Amino acid sequence: ITRELMMDQLAITYPYVTLNLMSGETIRTILEDVADNLFNPDPYYQQGGDMVRVGGLTYRCDPHARAGSRISEMQLAGKAIEADKNYKVAGWAPVAEEARNVLGTKPVWDVVETWLKAQGGRIKPRIINTPSLVGMAGNPGRAALARMAAPKRAARSTSRAGRRRSARWPAPRRPKTRPCWVRVSTARKRWPIANNCIAPMSCAPTRAEGAN
C-alpha cells in the first residue's frame, strides 16, 4: 500500500480523528437518526447521505421498520451493547469545525500511516463488517449490485482461426455504444449528435479496507 493509494481514500478537507465516550443508547440513537434520514417513507425527509460504517460493532437493520425501531442486535466482540454503559468511539471526518482545535487531534492519514508502518509492510486479511439487513430480499438495487459484482464470461470465437488468435492475443473489451440524439423542439426533429457515443455503463463496486 503506497501513500498515494492511502490518500485516494482519505484525502478530504475535514480529515480529523476524534475519540469520544458514548453510551450504548447514544450510539443506537445516532444509528437510528442516520437510518431515518435514508429510509423515511416520506421522500421530503430523505435527505440523502449514506449509512454509518463501523468497525467492531455489529448490528441488524430493518429499513422497512418505523423510525426508532430499525436498529437492533447491537454487539461488540460478541457481547450485547448495554444502553447505560459507556464505550470509547473513535471516528474521523467530523463536520464540526471546532474538531480541529481539540488538543492532540491529527488528520486521519497521519494515524493510518503510523498504523500501516507498524504492521511491517504486511497486512492480514480484514473481515468486512457488513450490517445484517432485514426484508431486502428481491430489492432491485441489491439485485443490480449483485449482477455488477458477478464475474462475466468472455465470448468465445466460433472459427478455428479466431480461436487461435484469441488464445494468443485476447481481444480488448470494447465499451457498449449506441447513437445519441437530441430533440429540436421547434422543428420537432431528431438530429444525431454522435454516431458512437459511449452509453452509460455501471462499474463493479470496490471495497477499501483500513484500520479499525
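Observations
- Label-point separation in nm, Arg126 to Ala90, each point 7 Å along Cα→Cβ: 1.2 nm
- Relative packing of peptides 84-95, 14-25 - highest average C-beta neighbours within 10 Å first: 14-25, 84-95
- In region 1-150, a dipole from Cβ-located charges (positive for Lys and Arg, negative for Asp and Glu) runs towards its positive end, and of Ala90, His64, Leu5 it is Leu5 whose Cα lies farthest in that direction.
- With every protein chain in place, region 69-109: carbon and sulfur % of accessible area (1.4 Å): 53 percent
- Per residue, the accessible area of region 83-126 comes to 82 Å² when a 1.4 Å probe rolls over the protein heavy atoms.
- Ordering of 137-148, 54-65 by burial proxy (mean other Cβ atoms within 10 Å per residue, highest first): 54-65, 137-148
The values are calculated or read from the model by the stated rules, or taken from the named source; none is laboratory data. Computed from a predicted model, the values in this text were never measured in an experiment. Glycine gets a Cβ as well: all are built from the backbone with ideal geometry, and neighbour counts include every protein chain shown. Note: areas computed on protein heavy atoms with side chains; ligands, DNA, RNA excluded. Shrake-Rupley method; radii C 1.70, N 1.55, O 1.52, S 1.80 Å.
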